[in-house]
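Student: The structure that follows is given in the form of structure tokens.
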Amino acid sequence: MKIEKINLNEDDANVTLTTYLLDDSEEMLIGKSRPAVLICPGGGYMFTSDREAEPLALRFASMGYHAFVLRYSVFSNSGLAFPDPKKDDIYMNSTYPNPIREIGKALLIINEHAEEWKVRSDQIVLSGYSAGAHNCALYCVNWNKPVITDYFNNPQEGLKPAAAILGYGVYDFELQKDFKTESADEWQVKLNDAFNFSYFGKTKVTDDLILSSSPAQLVNKDTPPMFLWATREDNVVSVTQTTGMAHALAMKGIPFETHIYEKGHHGLSLSTQATAKSKEDIIHEVDNWIGLAETWLNNRFPLDLVEKTPIFNFEQLL
């Protein structure tokens, strides 16, 4: 496997694209290109989670796909881990629409190296979690819109995602802004304010900005197919975010698959010990989501394999 970290912003060493490229082999694809998965970790646009980065890349690689991890601009890139809107300055790089443009830049780099890296440029799947899911979903509804194409002076070539696999994301800020659980207290208000400050540069967000940043409200005929999953017990992002996104996709006739698990808190990632900080992060009722996503991927983007394994000519060894 070729692992390489590529800086995407000469002014910020934290914004990177890391490659997890499977080696070619005469025993497998023999020089053919593979589909790829571009992963956006979550972290509320305040940081990018290690738990939703390399472990996911290695899991997708184990399926036979090339993988990439995008560390897009977040507030902590300014040197702070958690913003205080009353004291801290706005970090403009992490505010809308910069993070979705960094997805576009990552896709263009992958496409630029598609032949060298043996990547099928028409089969690059986005995968995001929490804020990373929001970033991917918002890109999926904007990839051929001026906010992306004008920025890159590019008429859509190399910018189109083939599909998206998204976990416990925010897709509609109008639904999310009033979300409170029975156990919610002041922390939830502070968390929402910190999220808004990191991503919008303000704690009070205008209706126009809410709409332009809510992918569920912007689904269109060019939105790619999606695999969505979440948990009902999530006390950070309402499960209605996922059901609402599924409804929006259904209304526009976009193919999708959705899985809602009864148990599980926010940010489970793989829900196995590979991504666990504590035993609470291991919930076996949830950890099959990645297997379901693998089946969904295999059905859409199977590897380009021959029908039968060629008979080995042992006489060549004599």
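The values are calculated or read from the model by the stated rules, or taken from the named source; none is laboratory data. Predicted model only: the values in this text are computed from it and were never measured. As a convention, Cβ positions derive from the backbone with ideal geometry for all residues, glycine included, and neighbour counts pool all protein chains shown. Areas reflect the complete protein model, heavy atoms only, side chains present, ligands, DNA and RNA absent. Shrake-Rupley method; radii C 1.70, N 1.55, O 1.52, S 1.80 Å.
Student: For residues that are among the polar types (S, T, N, Q) and part of a helix (DSSP H, G or I), scanning just the range 129-158, find the one that is least open to solvent (accessible area, probe 1.4 Å). Even if it seems obvious, please write down each step before you answer.
Tutor: Here is the first cut: in the range 129-158, the ones among the polar types (S, T, N, Q) are 130, 135, 142, 144, 149, 153-154, 156.
With part of a helix (DSSP H, G or I) added as a condition, the list becomes 135, 149.
Values: N135: 0, T149: 17 Å².
Within the range 129-158, the match that is least open to solvent (accessible area, probe 1.4 Å) is N135.
Student: Residues K5, K32: which one is among the basic types (K, R) and under 25 Å from H134 (Cα atoms)?
Tutor: On the way: K32 fails: under 25 Å from H134 (Cα atoms).
Testing whether each residue is among the basic types (K, R) and under 25 Å from H134 (Cα atoms) leaves just K5.
Student: Ok, one more. Check Q273 against each of (1) farther than 17 Å from M226 by Cβ; (2) touching a residue at least 12 places away in the same chain (Cβ under 8 Å); (3) open to solvent by 30 Å² or more (accessible area, probe 1.4 Å) and name the one condition it does not meet.
Tutor: (2)
Student: Which condition number does E102 fail, the rest of (1) touching a strand residue (DSSP E or B) at 6+ places or on another chain (Cβ under 7 Å); (2) assigned to a helix (DSSP H, G or I); (3) open to solvent by 10 Å² or more (accessible area, probe 1.4 Å); (4) over 30 Å from K190 (Cβ atoms) being met?
Tutor: (4)
Student: Do you know which of the residues in the range 31-40 that are over 11 Å from F68 (Cα atoms) and at pLDDT 95 or above is least open to solvent (accessible area, probe 1.4 Å)? Before you say what the answer is, go through the steps one by one.
Tutor: The initial filter retains those residues of the range 31-40 that are over 11 Å from F68 (Cα atoms), namely 31-35.
Checking the rest, the ones that are also at pLDDT 95 or above come to 33-35.
Details: S33: 42, R34: 18, P35: 3 Å².
Step by step, filter the range 31-40, then rank; the result is P35.
Student: Select from the range 46-86 the residues that are among the aliphatic types (A, V, I, L, M), in a helix (DSSP H, G or I) and surrounded by fewer than 18 Cβ atoms within 10 Å (Cβ to Cβ) and list them in ascending order.
Tutor: If we filter the range 46-86 for residues that are among the aliphatic types (A, V, I, L, M), which is where we start, we get 46, 53, 56-58, 61, 63, 67, 69-70, 74, 80-81.
Filter again for in a helix (DSSP H, G or I), leaving 56-58, 61.
Passing the criteria: only L58.
Student: Separate question: For the subset of the range 159-168 comprising residues that are assigned to a loop (DSSP other than H, G, I, E, B) and in contact with a strand residue (DSSP E or B) (Cβ under 6 Å, 6 or more places away or on another chain), which member is surrounded by the fewest Cβ atoms within 10 Å (Cβ to Cβ)? Steps first, please.
Tutor: Taking the range 159-168 as the starting set, the residues that turn out to be assigned to a loop (DSSP other than H, G, I, E, B) are 159-162, 168.
Add one more test, that the residue is in contact with a strand residue (DSSP E or B) (Cβ under 6 Å, 6 or more places away or on another chain), and what stays is 161-162, 168.
Details: P161: 20, A162: 18, Y168: 28.
Residue satisfying both the conditions and the ranking: A162.
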